[in-house]
Every structure is written in C-alpha cells, then in structure tokens.
Amino acid sequence: MKKFNIRKVLDGLTAAAVASSSSSSQPGQRAPDTDIVESLCSEHFQLCKTVRHGFPYQPSAMAFDPVQKILAIGTQSGSLRLFGRPGVECYCQHDSSAGVIQLQFLINEGALVSALADDTLHLWNLRQKRPAILHSLKFNKERITFCHLPFQSKWLYVGTERGNVHIVNVESFTLSGYVIMWNKAIELSSKTHPGLIVHISDNPMDEGKLLIGFESGTLVLWDLKSKKGEYRYSYDEAIHSVAWHHEGKQFVCSHSDGSLTFWNVKCPIKPAYIITPHAKQPKDGKKPEPCKPILKVEYRTCKSGDPFIILSGGLSYDTVGRRPCLTVMHGKSTAVLEMDYPIVDFLTLCETPYPSDFQDPYAVVVLLEKKLVVVDLGQNGYPIFENPYPLDIHESPVTCCEYFADCPVDLIPALYSVGAKQKRQGYSKKEWPINGGNWGLGTQSYPEIIITGHADGSLKFWDASAITLQVLYKMKTSKVFEKSRNKEEKPYTDIVDEDPYAIQIISWCPESRMLCVAGVSAHVIVYKFSKQEVTTEVIQMLEIRLHYEINDLESPETDQIPPVGISCQGSNSQTANSQSHPSTSSTSSDGIRDNVPCLKIKSTPLKQGAGYQAEVVIQLVWVNGEPPQQITSLAINSSYGLLVFGNCNGIAMVDYIQKTILLNLGTIELYGSNDPYQRQPKSPRKTRQASGGMLTVTSCMCGLSSLYSESVKRLRSSHLSLCDINESSTAVDDRCKSPTSGSASSCNSEDEQKLPNFIEKVKNKSRKFSKIVVSDIAKMSRKLSLPTELKPDLDVRDNSFSRSRSSSVTSIDKESREAITALHFSETYTRKADTCTSPCLWVGTTLGTVLVIVLNLPPGGEQRLTQPVIVSPSGTILRLKGAILQMAFLDTTGSLIHPAHEPWKEPNVQEEKDEKDKCRKLRPVSVSPSSSQEMCETQYAVICSEKQAKVISLPSQNCVYKHNITETSFVLRADIVGLNGSICLACFCANGHIMTFSLPSLRPLLDVNYLPLTDMRIARTFCFTNNGQALYLVSPTEIQRITYSQGTCENLQEMLGELFTPVETPEAPNRGFFKGLFGGGAQSLDREELFGESAAGKASRSLAQHIPGTGGIEGVKGAASGVAGELARARIALDERGQKLSELEERTAALLYSADTFSKHAHEMMLKCKDKKWYQF
C-alpha cells in the first residue's frame, strides 16, 4: 500500500514522492481521510497494436495462393492485408510507405514477394503469426514495372521501365548475371524503344520459353537456353495484359482500344483473330469503333465445356455514366457484371495451381477501390458470395465510434438475433472460397461491442470479442425523417450541404439497452430496444429554442427596466409536439426564419422492425434567422428516464418518459450571480409561445435575478440569469418544476407589460452586432468535427497539434460561446453541507467549469409517469484548466461508481401493474441538506480536462490530487477505465502521447509517444475502454485496435491466427502415355543451370542493393512468445515420435531374430542335404 505525502514546499524538504511532483497533493490541499490501496503499477501497462479491421484503404495490387487459400492485398501507402478464413486476418506495413505495385506468392511455401513503387522487392515470411521481411532488394538504376514468379520456381523475373528483364533468386534475394536486354529482344531493324515491360510469363508447356510484352504493342517469345528471341509479335495498339491458353499454343492480349487479339505461338505475322467485346459491329465490315482500354484479361480453360475469357474495362465510349464492369465470356454467352466502384484488379480462382492443366475456374475475386467482391462462376447468373469479412465499415463514411468492453453477456446474442433478420438474399449458396489459415487460441472471454456512426445517419453494431470483428446489427436514424427526392426539394432550413443525418455523438447504456444519438442537424433521437416489430402511428417530437444572443455595449434606457424580481416557470401548455401538428414557423417581414427545425418528421405511420425503435425525436430550431448550433455533448440515464445535451449556446434536459422538457438554459444562466467571468451582456430570452402546439420552452430555472434600476447595473443584468446560487438560498420549493407541475408565484400585471417592451428594445438595438458575431462563429461550427472542437485555432507544428486555451478568456467570441463539453449523471454529494447523496447532473464546459444540477425524482411506478421531475442548481462550481472532457466518481475504496440504470425489459409487452411495480426499481428522491441524517462515506470526483486532472473529495469539495497532464499540447480523449480489477485514467493527447494515471492518486503509469495527430479523423474516433483496449479510425475505411495492457500484449501471439498451414501440393497433371512417349507434355527447365552464378556470372553490384530483413528474428520472437502452445505441441509430437521409434525398434529386433532363425535353419538344411544326389530328393 503506497502512501502519498503532501509536498513540503516552504521548508524545502522533499517527501518520498511516488509520483511526479505535479501529481502529488498540492500545497493547501487535503489528503484523503483513508488510504486507498492502488493495485495498478507501471508493469501492468504496455502499448502495442493488436489488429486492423476494415477494407484496405486505396488498394493497388492483389495476389492469391491457390493451395494455401490465402488472399493478399497491397495498398498505395505500402501496407499489406492478408485474409484467410473468416476471423483470420493480418496487417503488415512496409517501412518505406511506398505504394505496392505487384504481389507474388511463393505458392504453398509460406512466403510472399512484394514489389513497391520505390523499386524495392521484399520477401515476406508468412510462416509466423506476424509476418516479417526476410530479404529486400533495392534497384538503383532501373524502375520496376512487372514481376513474374513461375510455380515451384525460385527464380523471379523482374521487368523494368527500360525494357530489360532481370532475374532474382528468391532464396538469397540476389541478382543473377543473366539479363535479357531490350535491344536484343526486339527486331534488329527496329529504330524505336519498345517501351516499358507490361507482361512476363513462361509458356505453360515449355518453361524455357519466356513471353515478354512491351507497352508499345510488341511481344517477344524469348528462348532462355539459346538467349535469343524465337518469335516476335507486333500490334498497333498498346498492350495492357496477356494470358495463355493452358496448352501453350495460343495466348490473348488486351489492348488500349478495347480489343482482344488472339495469337498462335508459331504464327507471329498477324493475330489469329481479333474481337472487340463491347464495340458496335458495323454492317459494312469496317473496323469497329474503338472502346475504352481493356485493363486485364484472363483465359481459363475447362475440362468439360467452353473456356472462360474474363476481362475488365473495354466499354464503349458512348456509355457515359455507366458503372465499371467485369465481363465474363463463356462460349456464346457474354455477361456484363456492373460494379459499384472502379476495378483495381481481379483474379480467377482455379482448381489447380499448374498452368499446364485445365484450370476449371470456380470464382473471380474482384478488387474494387472500396469493396471486395467474389463472383461465383459455377452458378447461373454469376451470383456473388456473401462477404464474411468486416470490409463494409466505410459503406457510409464513419463520423464517430464508441467502444464497449465487458458488456452484458446476453447483449451480443440479442443484437445478432435482430440483425439476422436484416440479411440480404440472393447470395451464392457455396462456402466462402478464401478459407486458409487457422484461428488463434483466444483467451479473452469478455464480450466487446463497437458502435460506428455514419454520415448517412446509420449506425452499425459490431461484435469485437477476441480481436475479431463481425457486424451484428444495422439501423438507420434517417427513417424517421422525410427525405427530399431531388436537390430542388431540399429543405431550405438545412444547416449542412450534405449528409444532414450524419451522426456526431452516441450515448448508449448497455445494461438497459437505451440508445441516444445526436446528429449534425442539431437533432437528437432516443431509441428503445425491442425484439418485436411495431408500427408507430405518430413519432413523438419535441422542438427546443436554444439560443444565445450578444448585445452591443449600449445599455438600455433607465425607465424601461422594471425593478422587480421575476420567477421562471415553464408554460403549462408545453407538451410533446407530435408530427400530426405541423411545426410552426414565424417569419418576419425581412424573411428571417424563426422556430423552424432543420429536418421534417414523417407524418405517415412508421413501421419499425425488431431492434432499436425510435421513442422520441428532439430538434433545435432556428432563432431569428440563425440556425441551431450543433450538439457538443450528450448523456442519457435509463434509471432517471432523463436525456441531456448541450451545445455552444446552452443546455437542455428532456424527460423522455413523460416527453417533456425540464431544462432549457444558456450556459451563462447556469452560473447565475456566481459567474466568475466578466462577460458581455446577453439579451433576455424570448418568452412567447408559438401557436399550433409548437413547443417553445423559455428558461425553466426558477428565481430569475432582479433587474436593477441603477444604470451601472443594467448592462450586467440585462440577461436572464438564475437567482443567487448558494447553499442557503436553494430549497426544494424554489427548484425548477416540470412543465406538468403547478404554477409558481406570479408577477404583477404591470411587470408583465413592461418586460416584453424591454426585451424587444434590447433585441432591436443589439440584433446587428449579434448577427455579425454569431454568424462568424456559426460558420466555424458547420464542419463535422470533434464535439469539443468548437475553437478551431489548431496549429500544425512538428506533426502535432498545439493549441492555447486560456482559462481566463476575455474575448466576446470565446466568452459567448462557452459550450457544454461533458455531462455525467450520478448519485453523489452536490453541496459541501450534504449529508447524503442524491441524483444529480454534473456539467462541464469549454472554460473548465464544472457545475452541478440537482435532480428531484418522483418514486417509481405510476407516480413516475404522472409526477414532475424537479431540477435545481446546487451552487457548486469547480474550476479546471482547459475544457472539461470526462467526469467519474469513486467510492471510499477507490472503486468506480457506475451511473444508475434500469435492467432491460421488452417494451412492447404489456405487464400487469403489480409485476411492473415490482420489477421497476424505486428511484431515489433527493433529500434536503437540512436533513438530520449522519454523514455517509466519502466519495471522490475524478475530473479530467484538456490540460489537467483533479480528484476532489466529496462532500468537502477539497482537491486531494491534481496532475497537469500537458502544458504544450492538449488532451483529445479521456476515459476512466477498468483494468486488472482496478481503475485508471487513460488519456490521448494531440501530440500523440497515450498516458494512463492511477486513481485516485493520479500517478503516471504509462506515457508513450504513439501517434501524432495527423487529421481530425483520429481525434474524432479515438476511444478507450475497459481491460486495456482502445481503437481509432486509422483511415477512412479501417479501424485500428490497440492495447495498453501488458497481459494482452503477452497473450497476443496466442490470440492471433496462423496464415500458413502445412498442406500437400496437388499432384502434377498426368502427361499421358503418348504425350510422354512423343514429348507432347510440359517441358521442364533447369533454371539453376541457366541462372546460377557458375553459368551466368555475377550481376553488377551497382544495379541493386541487398538489404537483410528481420523476418528470421521476428519468427524466433514469435515462437518464443507463444512458448506455451508450441511446447505443448512439441511435447505431443515428441511423445508420438518416441512411441513410433519404440515400436520400430521392437519390430526391427523381431525381424533380426526372425532373420537369424531363418539363417540357422537354412544352414542346417544345407549341411543335411549337401551329400545327397539329385535323385535322392
């Protein structure tokens, strides 16, 4: 148990501090009354990447091992993704980050060759769980354009931009002295360079004949033994690809004019025939019109039936707007398969790896720019396979994500059951053909769920357990809104040009399954989970007028300020505004929009399937021509039945059970007279109630401050503020009541007449200045960005973001836009004098202020449905440096106090009243501070801002620990997470540092410079969760998961799947008696004799540089890290070997004994019969 002493500053003595000086208790702070045992230490933390999910971003190359059944995809950023059976994936990254131009498997050897745009070849070792580079070869003088590795060969042909062909030994990764120069390959009479090499392949029936294709349209069949060109073929159009017939007598070329030329090997004068698959055939016999280039063609034969000719591109130029297509020609039929995105590459999957045998293709893997498609060639209509990989994360761009570890065990089955009903039909009935590798031995048993929010308003729930990822359930939030059919019908109230339904914030309670999302159009939707389908006749809707206006410096006239106290009471007519009543908008004479929501709710009944079903929709409305500001924070509590959200204008609280609004305040109004900032004044809030049932809520906080008659005080009190917030003046009777509660004390009639006149005059005088300032800030908040990023003063320096956020903000811009950045429901002490806990809401702002609002909840059951919820300020104000990011509470033992929640119950099943009351947990009711109850146990509030973290003892509100997290940067994400039975604070800073701190002492446990903030995507999506897990969106299409747990890092090797599994290579095709007799079969070539150093000599050292890799060392490390499993397998293998050896020894001994006996008998027989004559036998 560690003791954290107070630092002694005055006398110069230094205590034995366990943590850094900034994390120790500061002078004047009180140490906690009881020492809390902290079990976490720095040895429990280690940071490493675990797995990467999603579609490879910007793919550029693809390869397939037909024996191991492994698919490899390379990208423009130099990364590799390898896929086996569902759940077996691997991510690798080249050090240079140059684009991958080609991949070649060493088939069934557990190795892969990658060619990069920086003219480097790499040999990857795939026989370990984390592949690594064994060798590299850097070409210095020539650019690599094409590579070819024949099956079961160790010699790699490399074509270059100069038109030369070099040969690399893949075992040693050294160059052979054998080089095919372009000037020797082409006709001697040719006066022009043939261009770069676009194709290299050996004749399927004769490995000694190499077909070389040049970009200009020239092909050469090179005889490797005689070192000369045997045949040369020429065509007017540029060549893109070449494919052989398996018999080696014919090949086909694809050209830039959309044509295919078929050549007989021994007839180089002209093509055997030419076809243009997508050209319109003219009637007069003229040459067809040129089409778009055919980028690739493959020629695959079948034992029974016509061959397949598969190609990409080649469409007619007049097909404007047509999607990219893959064309499958089989016999007389031609099928054109339209794709969603441009085709990067495609491969046919065949039954045999031998090019000299009938291929019998059964599928085509099509790599698109943003999708992977596998087409079934064995069924009519060529259906596609259902993709089991999580490659559709980016189906709509990801705008936010949340990560939940250690969820309730019944949650994933529940989501899967409702998600299974959403599956599309029409897929191929065959199993997924890419099924190589083996799963890892996962040791993590706790369920994990990832939720991604998307630009089209959809959400996806993913099962992320045991470092895998599988989609569970999809939902669309846009279903509740009317959609415009074309751009002309687009609502003029949209505040974003595109994606008006984009998700910004997700708040989810896994225990109660309540879900709440906030969208970019300043809308919030509350969802309940149900396993039954329902039809909602009318979607409940609430509209909130949440606005803050800035006055100019001119003070209002003296005689127009009534010196009276005004109490605030929500209008009794406030009810849920259903869509059956159209939204009421008021427009002034100059066309200013007012009271208009950004989106229109559907007016027709909505059929909602099993899963998440919309309960209530809340929208912020336009105010005086100004659009609503985007929501910056969101929280929901299923036990209280409350939802709260905030933006840069203020805060709003909704009772989603009663469908009423409890709170609607500007941020400044939360302070009341305790506001520590010198602010510019704000005009009074409008109090008019819109007609037609439109719900407009004014300030719901009771006890507005009096309007002073002195001219000096007019400016400061021209905005509606709360009453003086202190502990003595706050009582239950003065608290804000729900709109359904009784009326509060009323004002006299004269005051009611003067107040509107005063409001209108102040508004008219300040409108021009208000519009200028607000419009400038509104432009900044239009962008879909991090909710806390309301001040876009980011400066990129040294690959990191640095930002200055002063706690003493004085500009009108920043003062007026104090946004709500953190919200947390809890049951804790709200004031210093409290003797027991009560339900409350803690509110954090961009200026580093934490405010507390007390919640007075009615009892559960029927009373909760009828009695109002009362909210009131507590007077508690806490200050930190920087915007508040996260808040949590600990009990006296240092354990995390989770917010109260309701257990999930099927909402669409009617229960009897007694059972309903029995199942419903009684909600706590707030108790007055004057209660005579004795002091309860101490609690600790953990508050983290962009700059520092504090641990505050409650109810005394003494800061017991404080730590300045960063001075030069700022924290982007902070979470209080559980690890190894304890808790800690995890932070991600803009300078790339990931840090963890113990709780409650805030000792630094981990500080790793992991990832500089290169774009806002990382900041928007980075999140921590329990058990040492975290993730972020590393690219627009990929999620990177990391761990900061030492235990997970140690077990990671066991959890990862194996790509390489021992598989016997299929037997070579039978040549047949006559082919073997007359030499008609495939002819082999002793390449070692041709390309070896003894025959070809050494290559020039200046041509390429060999770079040794770390694959061997990494393989040893991988084997060592998985020592438990390997040793177990080794022991079993040794035991089996020992048993077999002992059996063999016994059999050998028996055989020797039998042989000895036989020898004796034979000798005796020989002695007995040696003197006998032949006729005596």
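May I ask you to list the residues in the range 337-365 that are among the aliphatic types (A, V, I, L, M) and free of Cβ contacts under 8 Å to residues at least 40 places away in the same chain? Matches in the range 337-365: Met339 only.
The residues of the range 226-240 that are closer than 16 Å to Ile212 by Cβ and surrounded by fewer than 21 Cβ atoms within 10 Å (Cβ to Cβ), listed by number, are Ser226, Lys227, Lys228, Gly229, Glu230, Tyr231, Arg232, Ser234, Tyr235, Ala238. Of the residues making up the range 251-262, those that are part of a strand (DSSP E or B) and either open to solvent by 50 Å² or more (accessible area, probe 1.4 Å) or in contact (Cβ under 8 Å) with a residue 40 or more places away in the chain (or both) are Phe251, Val252, Cys253, Ser254, Leu260.
Within the range 65-82, being touching a strand residue (DSSP E or B) at 6+ places or on another chain (Cβ under 7 Å), farther than 26 Å from Cys350 by Cα and either part of a loop (DSSP other than H, G, I, E, B) or free of Cβ contacts under 8 Å to residues at least 12 places away in the same chain (or both) holds for Gln76, Gly78.
Starting from the range 1027-1049, take each residue that is under 17 Å from Gly978 (Cβ atoms) and list its partners that are buried (at least 23 other Cβ atoms within 10 Å of the Cβ) and of a type in the set (Asp, Glu), counting only C-beta distances under 9 angstrom and pairs at least six apart or across chains. Listed pairs, sorted by first residue: Asn1027/Glu448; Gln1029/Glu448. Does the range 952-970 contain any residue that is open to solvent by less than 10 Å² (accessible area, probe 1.4 Å), of a type in the set (A, V, I, L, M) and under 19 Å from Cys401 (Cβ atoms)? No.
Hey, does the range 526-543 have a residue that's modelled with pLDDT of 70 or more, closer than 27 Å to Gln422 by Cα and in contact with a helix residue (DSSP H, G or I) (Cβ under 7 Å, 6 or more places away or on another chain)? Yes, because at least one residue in the range 526-543 is modelled with pLDDT of 70 or more, closer than 27 Å to Gln422 by Cα and in contact with a helix residue (DSSP H, G or I) (Cβ under 7 Å, 6 or more places away or on another chain). Within the range 493-528, the set of residues being part of a loop (DSSP other than H, G, I, E, B) and within 25 Å of Phe404 (Cα to Cα) comprises Tyr501, Ala502, Pro510, Glu511, Ser512, Arg513, Val520.
Considering every residue within the range 182-205, establish whether at least one is among the aromatic types (Phe, Trp, Tyr) and touching a helix residue (DSSP H, G or I) at 6+ places or on another chain (Cβ under 6 Å). The answer is no, given that none of the residues of the range 182-205 is among the aromatic types (Phe, Trp, Tyr) and touching a helix residue (DSSP H, G or I) at 6+ places or on another chain (Cβ under 6 Å). Considered as a group, the residues in the range 1050-1062 that are assigned to a loop (DSSP other than H, G, I, E, B) and in contact (Cβ under 8 Å) with a residue 40 or more places away in the chain include one that is surrounded by the most Cβ atoms within 10 Å (Cβ to Cβ), and that residue is Leu1059. Being in contact with a Gly (Cβ under 7 Å, 6 or more places away or on another chain), basic (Lys, Arg) and closer than 21 Å to Ser190 by Cβ is the filter here; which residues of the range 206-251 pass it? None - no residue of the range 206-251 is in contact with a Gly (Cβ under 7 Å, 6 or more places away or on another chain), basic (Lys, Arg) and closer than 21 Å to Ser190 by Cβ, so the list stays empty. Restricted to strands (runs of 3 or more DSSP E) entirely inside the range 353-470, those with at least 1 residues that are closer than 28 Å to Ala111 by Cβ and not aliphatic (A, V, I, L, M) are 361-368. In this entry, Ser356 passes the filter for residues that are more than 21 Å from Ala238 (Cβ to Cβ) and in contact with a Gly (Cβ under 9 Å, 6 or more places away or on another chain).
Here the condition is being open to solvent by less than 100 Å² (accessible area, probe 1.4 Å) and either touching a residue at least 60 places away in the same chain (Cβ under 8 Å) or among the aromatic types (Phe, Trp, Tyr) (or both); of Pro277, Pro307, Pro288, Pro282, it holds for Pro307 alone. When Ser356, Ser316, Ser333 are checked against the criterion of being open to solvent by 10 Å² or more (accessible area, probe 1.4 Å) and either at pLDDT below 90 or of a type in the set (Asp, Glu) (or both), a single residue qualifies: Ser316.
So, of the residues in the range 283-300 that are part of a loop (DSSP other than H, G, I, E, B) and touching an Asp or Glu at 6+ places or on another chain (Cβ under 8 Å), which turns out to be modelled with the highest pLDDT? Filtering first and then ranking leaves Pro293. Just one of (1) acidic (Asp, Glu); (2) open to solvent by 10 Å² or more (accessible area, probe 1.4 Å); (3) modelled with pLDDT of 90 or more fails for Glu448. It is (2). Out of contact with any Pro (no Cβ under 6 Å at 6 or more places or on another chain) and open to solvent by 10 Å² or more (accessible area, probe 1.4 Å): does that describe Ala98? Spelling it out, Ala98 is indeed out of contact with any Pro (no Cβ under 6 Å at 6 or more places or on another chain) and open to solvent by 10 Å² or more (accessible area, probe 1.4 Å). Could we say that Gly208 is modelled with pLDDT under 95, buried (at least 19 other Cβ atoms within 10 Å of the Cβ) and not hydrophobic (A, V, I, L, M, F, W, C) here? It is false that Gly208 is modelled with pLDDT under 95, buried (at least 19 other Cβ atoms within 10 Å of the Cβ) and not hydrophobic (A, V, I, L, M, F, W, C). The residue list Asp236, Asp202, Asp223 contains one member that is under 23 Å from Lys303 (Cα atoms) and of a type in the set (Asp, Glu), which is Asp202. The residue list Lys129, Lys141 contains one member that is open to solvent by 40 Å² or more (accessible area, probe 1.4 Å) and farther than 15 Å from Gly74 by Cα, which is Lys141. Within the range 83-100, residues that are on the phi < 0 side of the Ramachandran plot and assigned to a strand (DSSP E or B) sit with their Cβ atoms under 9 Å from residues that are open to solvent by less than 20 Å² (accessible area, probe 1.4 Å) and of a type in the set (Asp, Glu), at 6+ positions apart or across chains, in these pairs: Tyr91/Glu1038.
The values are calculated or read from the model by the stated rules, or taken from the named source; none is laboratory data. Just so we're clear, the structure is a prediction, and the values are computed from it rather than from any experiment. Here the Cβ is made from the backbone with ideal geometry for all residues, glycine too, and neighbour counts use every protein chain on show. To get the accessible areas, we keep the full protein, side chains included, count just its heavy atoms, and leave off ligands, DNA and RNA. Shrake-Rupley method; radii C 1.70, N 1.55, O 1.52, S 1.80 Å.
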